[in-house]
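Read-outs: derived from the displayed coordinates by stated rules, not from any lab. The model shown is predicted, which means the values in this text are computed figures rather than measured ones. Note that we place each Cβ from the backbone using ideal geometry, even for glycine, and neighbour counts take in every protein chain shown.
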């Protein structure tokens, strides 16, 4: 039944042309892969799918599309001078922006509570509009997810809210983001099988847009590698690779994953050259973090601990935006600081950092760090 609901949701997309006459200029906040910065595209959104958002640019010009995976936030606007509705949107939106950058737990807690209250107040006011209603429900689910990261007691309600959003709102750009948040919470709960199932559900669903299937297929490959299932990971990666254009951003990441599969299978010829080529390319920092860690794995497999040390350190210092890659780098740095650098103090510091529940909770290397600290009586 779940599969049927998901398929039905993904088959459709919300066409917004019928309401565009009432709309003002929407604002799409997204990460631009060319400028490497967060940009804002303004215009009138005409269509949304789990893969992308299409809009007519302000001032005219051809319709353009932005990948859903790159979108941080969308501000929907209207031309009907409904001041009340605009003010209601401002309160939760601003509270969420503050919460994402708050450095003090008390401030974050307060801003998340404000955002949740504001979204809940807004919910009954937008029930007549599918787009706005979906966005409010996503806002509520996102707040609950962020609260759950700080308070484990709120994990179950947040998971249920995200599952409900998935079942009811599978046509918008928020769908992929909601799925990633759901997986993050399932990992925090220690439900690794549930997290993997959430990825596989989309990766293998023919009703999902190809871009979505590919993105989640890569996450399945990552999971299989983490579990040491290198042959399965290679088969999945090669299947995805066949349908990708050479300039597709995912194609470079696949090269790294396939190199990791070769390392796991002890097929080391050419791996170093392949990974260095990725590092010298114009790949995003998250791909370079993956490549550096994989190169570290290669050097460890070759018994070159000192070279491996510098690759992991590079990730920890320079490419630390991906918490899973950072957790892996810290774990192996804790080993290499001890065995290669003969620095037990720094080794312990890496293990302590990796034990941070808020930053790394639910991840494999976090669990390993806790187990090793417990075994060592720390």
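A few remarks follow.
- Within segment 113-221, helices (runs of 4 or more DSSP H) holding 1 or more residues that are over 16 Å from the mean Cα position of the chain (by Cα): 130-150, 155-168, 192-203
- Among the residues of segment 46-66, those that are assigned to a strand (DSSP E or B) and touching a residue at least 60 places away in the same chain (Cβ under 8 Å) comprise 48, 52, 53.
- Breaking point among (1) within 28 Å of residue 142 (Cβ to Cβ); (2) in a helix (DSSP H, G or I), for residue 260: (1)
- Scanning segment 224-241 for residues that are surrounded by fewer than 19 Cβ atoms within 10 Å (Cβ to Cβ) and closer than 22 Å to residue 361 by Cα yields a count of 3.
- Only one entry in 295, 244 is touching a helix residue (DSSP H, G or I) at 6+ places or on another chain (Cβ under 8 Å) and surrounded by fewer than 17 Cβ atoms within 10 Å (Cβ to Cβ), namely 244.
- Being crowded, with 16+ Cβ neighbours inside 10 Å, under 19 Å from residue 272 (Cβ atoms) and in contact with a helix residue (DSSP H, G or I) (Cβ under 8 Å, 6 or more places away or on another chain) holds for only one residue in 326, 287, and it is 287.
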